[in-house]
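Trainee: Submitted below is the structure of interest, expressed as structure tokens.
The values are calculated or read from the model by the stated rules, or taken from the named source; none is laboratory data. Keep in mind that what you see is a predicted model, and the values were worked out from it rather than measured. Here the Cβ is made from the backbone with ideal geometry for all residues, glycine too, and neighbour counts use every protein chain on show.
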Amino acid sequence: MDIDAVFNNIITDLKDGKRPLVKLSEADLKHLSEKWSSINNTKNWDELFKILCILDNTTSLSSLFTEEINRTLTESKDAQTLVLVLGVARKHIIDESHKRGERIKMDFINVLKSFLGHDNPEVLEWTLRLIEGLGSQSIILKNDVLNAKPGFMAIFNEHKKAAKQIIELLEKRWTR
């Protein structure tokens, strides 16, 4: 698999206003997973961008990425990288698990829990979006989510405002 070529095709489609829906083979998915593992070993997060772009625009869901997603979320301190990885996690952990009819593993839920206190509002917002996507399992994080609710000043930051709205949505869901 030529990562650069697939990435460039995705970017071209996006620029043309098309929604890229890349179909990846098992071999392609394995190759991307191995490359991601290598990047995690070197901690050169900039190299991860193309892989994340491909995985975010594929119709091929795979649990192959669970370990690398958890590892990057645990080890990276770069907010932009974390947001992009959370986007991929939504697809390749949450959506993939729901598709198989399986519950989300606690190690991933614990990673999400650790981000509820993150100082970057965008990371908090995306974390809450994923927690909302957990469905009934979101109740596991109820107390932590409620403690993360931004205060009144949230109206002045778009990410804090969105985080507050997501928490209020979850509160309504939990009180039913």
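Trainee: With the condition being touching an Asp or Glu at 6+ places or on another chain (Cβ under 6 Å), closer than 22 Å to W45 by Cα and outside the structural domain of S37 (by TED's automatic domain parsing), I'd like the helices (runs of 4 or more DSSP H) fully within the range 71-149 carrying at least 2 qualifying residues.
Mentor: In the range 71-149, 79-89 are the helices (runs of 4 or more DSSP H) which contain 2 or more residues that are touching an Asp or Glu at 6+ places or on another chain (Cβ under 6 Å), closer than 22 Å to W45 by Cα and outside the structural domain of S37 (by TED's automatic domain parsing).
Trainee: Further question: From G151, G101, G133, grab the single residue that is surrounded by fewer than 19 Cβ atoms within 10 Å (Cβ to Cβ), small (G, A, S) and touching a residue at least 24 places away in the same chain (Cβ under 8 Å).
Mentor: Step by step, each of G151, G101, G133 is checked, and only G133 is surrounded by fewer than 19 Cβ atoms within 10 Å (Cβ to Cβ), small (G, A, S) and touching a residue at least 24 places away in the same chain (Cβ under 8 Å).
Trainee: Looking at T74, T58, T66 in this structure, which one is of a type outside the set (D, E, K, R) and touching a Leu at 6+ places or on another chain (Cβ under 6 Å)?
Mentor: T58
Trainee: May I ask you to list the residues in the range 40-65 that are surrounded by fewer than 17 Cβ atoms within 10 Å (Cβ to Cβ) and over 24 Å from K99 (Cα atoms)?
Mentor: Within the range 40-65, N41, T42, K43, N44, D46, E47, F49 meet the criteria.
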